[in-house]
Amino acid sequence: MPDNNQDMSMNEIMDAIDASMHRISTGDLVNGKIISVSESELLVNIGYMADGVVPRSEITNDENINLKEIFKPDEEIKLCVLEINNGEGNVLLSKKEADKIKVWDDLESAFKSGSTVKVTVKEAVKGGAVAYYNGVRIFIPISQLSLRRVEDANEFKDKELSVKIIEFDKNNENVVVSAKEIEKAEAAEKREQLLSSITKGEKREGTVTKLVKFGAFVDLGGAEGLIHISELSWKRVNSPSEVVSVGDKVSVYVLDVDKEKGRISLALKDVKDDPWNDIFSKYQINSVVQGKVTKFIKVGAFVELEPGLDGLVHISEISEERVTNPADKLTIGDTVKVKILDINEKEKRISLSIKDAADKPVEDYSKFQESDNSSVTLGDVFKDKFKNFKFE
């Protein structure tokens, strides 16, 4: 009579063994523990009724690699099932395929989350550059290599870049990335930090990035500020290039900050060098000094007394004669004598006169004084002054 208890016990054992074994299919990713390592393959336990074999060709393409130096018994690795039975009763596995699947999963995850990945640029191609991420080919359009304009992608060869995936097609193995997007985000963060910390009146170090007709832009390390042409120097400046060049390292003063609009106004000239600081110790009203004609306007001419300090000669103060155009009497660059008529320190204005500074002969009126033998009339005094006038 059969022993049913023994049969049930054997069935339970077989069920338990079967339950402990993973069910696998071709293409599955499995965890394996290395049993042994040889120069030609790895033998691994994958928790299946048969052990797995990983041929050297499914591990690496480098013939110089010594598998025994890289893999050790009891080490756990991720593998991909190629065949359930390789013809010898073992499961055929691939590390290369498992690595590839994991890389694509990582890239897909980065694409969906918008996270950053690092790639290494290998070559310049038409329209951009080719980079690799753990063996996967990545394309970077030339317009996405940097925030700045890039003329030749070869300058990025062999460089590691932090990028954001902007196009992803796993089925066609197509990945397009952008380093520009990362730089843009970093620049925005730096800009916010700078705008929140910068204060009016402080001194900052920066680099001149661009010259324009009305001034110069300076990178302060996160945001750019503008030095208006009038704030480049105390002397009169016709072009920013007279004072600075692109790439110059400069120390600037913060004149104003508009955090809402993100505007920063700067000055290169030092407030301590303002010639108005000691104006009355150098110049007095009614004194005669020399200056240089620097500019004409409709109502007169500006004369520079020293760099950063000029005054206006009104058109009526240029000559005793009637003047309708300052250029008729003066030339830019002329050195002239001027008399200081007024100094308005509050508005920083100086009124000058050329005609009052001109040398004048002193006329002798002693011959017209009264004596016992003669009498002098107004006609006698002014007869020469009025000889050309006609009275009706």
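The values are calculated or read from the model by the stated rules, or taken from the named source; none is laboratory data. Small disclaimer: the values here were computed from a predicted structure and weren't measured. Reconstructed Cβ throughout: ideal geometry from the backbone, glycine too, with neighbour counts over all protein chains shown.
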- Item | Gly128 vs. criteria of a type in the set (Gly, Ala, Ser), under 27 Å from Val150 (Cβ atoms), within 30 Å of the chain's Cα centre (by Cα) and buried (at least 18 other Cβ atoms within 10 Å of the Cβ) | yes
- Query: Residues of the range 69-95 being part of a loop (DSSP other than H, G, I, E, B) and in contact (Cβ under 8 Å) with a residue 60 or more places away in the chain, which ones?
  - Reply: Ile84
- Message: With surrounded by 13 or more Cβ atoms within 10 Å (Cβ to Cβ) and more than 24 Å from Gly47 (Cα to Cα) as the only criterion, which of Lys112, Lys122 stands out?
- Response: Lys122
- Note on the structure: By residue number, the members of the range 32-68 that are of a type in the set (Val, Ile, Thr) and either in a helix (DSSP H, G or I) or without any contact (Cβ under 8 Å) to a residue 12 or more places away in the chain (or both) are Ile65
- Query: Which of the residues belonging to the range 242-282 are free of Cβ contacts under 8 Å to residues at least 12 places away in the same chain, part of a loop (DSSP other than H, G, I, E, B) and among the basic types (Lys, Arg)?
  - Reply: Lys261
- Query: For Lys122, all conditions in the list (1) more than 30 Å from Ala223 (Cβ to Cβ); (2) in a loop (DSSP other than H, G, I, E, B) hold save one; what is the number of the exception?
  - Reply: (2)
- Query: Filter the range 236-285 for residues that are among the hydroxyl-bearing types (Ser, Thr, Tyr) and in the same structural domain as Gly215 (by TED's automatic domain parsing); which is farthest from Asn344 (Cα to Cα)?
  - Reply: Ser245
- Item | Looking only at the range 138-171, and only at residues there that are out of contact with any strand residue (DSSP E or B) (no Cβ under 7 Å at 6 or more places or on another chain) and in contact (Cβ under 8 Å) with a residue 40 or more places away in the chain, the one that is nearest to Val121 (Cα to Cα) | Leu147
- Take the residues in the range 208-225 that are more than 13 Å from the chain's Cα centre (by Cα) and either of a type in the set (A, V, I, L, M, F, W, C) or exposed (fewer than 13 other Cβ atoms within 10 Å of the Cβ) (or both), then tell me which one is nearest to Gly311 (Cα to Cα). Phe214
- Query: Within the range 131-147, can you find the residues that are assigned to a loop (DSSP other than H, G, I, E, B) and surrounded by 13 or more Cβ atoms within 10 Å (Cβ to Cβ)?
  - Reply: Asn134, Leu145, Ser146, Leu147
- May I ask you to say which residue of Val163, Val150 is buried (at least 16 other Cβ atoms within 10 Å of the Cβ), within 30 Å of Asn61 (Cα to Cα) and of a type in the set (A, V, I, L, M)? Val163
- Filtered residue count, the range 24-43, keeping only those that are of a type in the set (Asp, Glu) and over 24 Å from Ile65 (Cα atoms): 1
